[in-house]
Amino acid sequence: MAARVSPTEAIRAEIHELFSSGGELLSVIEQVARLSVRLTFQSVIEEIVCEELGRGRYQRRTGGSPEGFRNGWQQPRTLKTSLGPVELQRPKLRHAHAASCDQLFGQGVTRTNALETLVISCWVRGLSDRDVEAMLAETFGEQAAVSRTTVSRICQRLRAEFDTWKRRDLSGTRIDYLYLDGSFFKMHPKARAEPVLVAWGIDTDGRPVFLGLAPGAAESTDAWRGLLEDLTDRGLGAPLLVISDGGKGLCAAIECSFAASLHQRCLVHVCRNLIAKVPAHAQGEVKRDYWAIFDQIQAEGEAAVAEARRRAKRFIAKWKPVYPAAVACVADNLDALVAHLLFPAEHRKRIRHSNLIERTFGETRRRVKVIGRLPGEQTCLSLVWAVLDRASKGWRGFTMTPKALRRLQDLRRELLGQPRPSAPEGVIAEPVTAAA
């Protein structure tokens, strides 16, 4: 490099040479992309120095300028980024110090936050520490790779993020629908799989909210009450509807914590229990008749519930003489199976089951298969939280039409005595769409 050519000018010259080299276009573009990242970092460094000295390169110091001089460049340093290693030069200064440069070149700074985020994303999606190390080396070259030890250390950030998340204030979060479910993981030595209890909801604007997560030795009343009390202690108010499976401990905890809220049993769980008690040759017909109880009901509110009860009565009359144990799954839980019909028709198919959280749990279980037994409770909770937190960004919300808002307001007044203001007539809340 010529003595009077700055690093940024040298990088620009490299970019021009690449474009005029006649090489394969895709390869040239990839190299230019990496050089552009390097150019951006180096330009920032030179701007920091100009700001510190109060003048550009080769400009004389004026009376108001701070003292200090440029004195060439230090040995290049390599910063690992998500686009590969970037070689940067830090200026030598006399009688001055660019403190902002320490944020790039401080002791122990060898990689960017973007690269650390990439490492965490790969880990959450099921790659082992060894896989992450190999992937970075293969994609960016050995110089950009991070060791398995470094991968593990980077992923410890999840614990800090999780600790902050589980203590956050919920007093500003108002929900209409609360979903509760659990999934089992091996997190303690010499112990069977234990549940991780999860709560998420739909707020009064129709947006999904990941609310809480806690361990439990079993899906007992005490374990679920502990999670629900934590949510209420942090300011969460009662929802209009709680959606869950039929676990006795969970149902009892809901009754204790949200006695005024309605409770919807997951129709999918009940269907599974029903079909498990029916011979294979009749399962298809019984299943069709079961879903016919709840599907395509045009009525609203209490009229919709009454229609479902009439259909259920016909279902019971038809199948009880043949399969009484199976029909009891419907007859004994009918009140909790029809609660969703009191709510806006456009919400019903999303509030009658808890399938969304179960599908997301599947992602977590695939991650655990890579790790084997999790090394401890904190690691398990951090991992489950990381997967669900990222997945929740793609969860779809609800469309809140004026009609739906009025219905929810009426239910809030009837159930909780706490009406909330509805949107102005003609205003429709935008739905939260699924991430691509």
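The values are calculated or read from the model by the stated rules, or taken from the named source; none is laboratory data. Worth saying up front: this structure is predicted, and the values here are computed from it rather than measured. Quick reminder, even Gly has a Cβ in these numbers, built from the backbone with ideal geometry, and neighbours come from all protein chains shown. All accessible areas refer to the heavy atoms of the entire protein, side chains included, with ligands and DNA or RNA removed. Shrake-Rupley method; radii C 1.70, N 1.55, O 1.52, S 1.80 Å.
Count of the stretch 249-265 residues, restricted to those that are in a helix (DSSP H, G or I) and either open to solvent by less than 50 Å² (accessible area, probe 1.4 Å) or in contact with a helix residue (DSSP H, G or I) (Cβ under 8 Å, 6 or more places away or on another chain) (or both), is 8. For the stretch 231-241, check the following and say yes or no: at least one residue is of a type in the set (D, E, K, R), within 26 Å of ASP205 (Cβ to Cβ) and surrounded by fewer than 17 Cβ atoms within 10 Å (Cβ to Cβ). Yes - at least one qualifying residue is present in the stretch 231-241.
Would a scan of the stretch 288-301 turn up a residue that is at pLDDT below 95, assigned to a helix (DSSP H, G or I) and out of contact with any helix residue (DSSP H, G or I) (no Cβ under 8 Å at 6 or more places or on another chain)? For the stretch 288-301, residues at pLDDT below 95, assigned to a helix (DSSP H, G or I) and out of contact with any helix residue (DSSP H, G or I) (no Cβ under 8 Å at 6 or more places or on another chain): absent. Residues that are open to solvent by 30 Å² or more (accessible area, probe 1.4 Å) and more than 16 Å from LEU267 (Cα to Cα) within the stretch 324-344 comprise PRO324, ALA325, listed in sequence order.
Is it fair to say CYS271 is under 25 Å from PRO324 (Cβ atoms) and open to solvent by less than 30 Å² (accessible area, probe 1.4 Å)? Here the answer is yes, as CYS271 does meet what is asked.
Of the set (1) out of contact with any helix residue (DSSP H, G or I) (no Cβ under 9 Å at 6 or more places or on another chain); (2) touching a residue at least 40 places away in the same chain (Cβ under 8 Å); (3) of a type in the set (Gly, Ala, Ser), all apply to SER244 but (1).
When you scan the stretch 222-248, how many residues do you find that are in a helix (DSSP H, G or I) and over 21 Å from the mean Cα position of the chain (by Cα)? Show your work before the answer.
The first filter runs over the stretch 222-248 and keeps only residues in a helix (DSSP H, G or I), leaving 222-233, 248.
When the remaining residues are screened for being over 21 Å from the mean Cα position of the chain (by Cα), the result is 222-226, 229, 232-233, 248.
Going through the stretch 222-248 one residue at a time, the tally reaches 9.
Evaluating GLY301 against the criteria (1) without any contact (Cβ under 8 Å) to a residue 40 or more places away in the chain; (2) open to solvent by less than 10 Å² (accessible area, probe 1.4 Å); (3) within 17 Å of PRO344 (Cα to Cα) leaves one unmet condition, (1).
The requirement of being open to solvent by less than 30 Å² (accessible area, probe 1.4 Å) and either of a type in the set (Phe, Trp, Tyr) or within 21 Å of TRP385 (Cα to Cα) (or both) is satisfied by LEU211. Per the listing GLY212, GLY206, the residue uniquely outside any strand (DSSP E or B), closer than 17 Å to SER354 by Cα and modelled with pLDDT of 90 or more is GLY206.
Of the residues in the stretch 147-157, at least one is crowded, with 21+ Cβ neighbours inside 10 Å and at pLDDT below 95.
Among the residues of the stretch 224-239, is there at least one that is out of contact with any Gly (no Cβ under 8 Å at 6 or more places or on another chain), touching a residue at least 40 places away in the same chain (Cβ under 8 Å) and at positive phi? No, the stretch 224-239 has no match at all.
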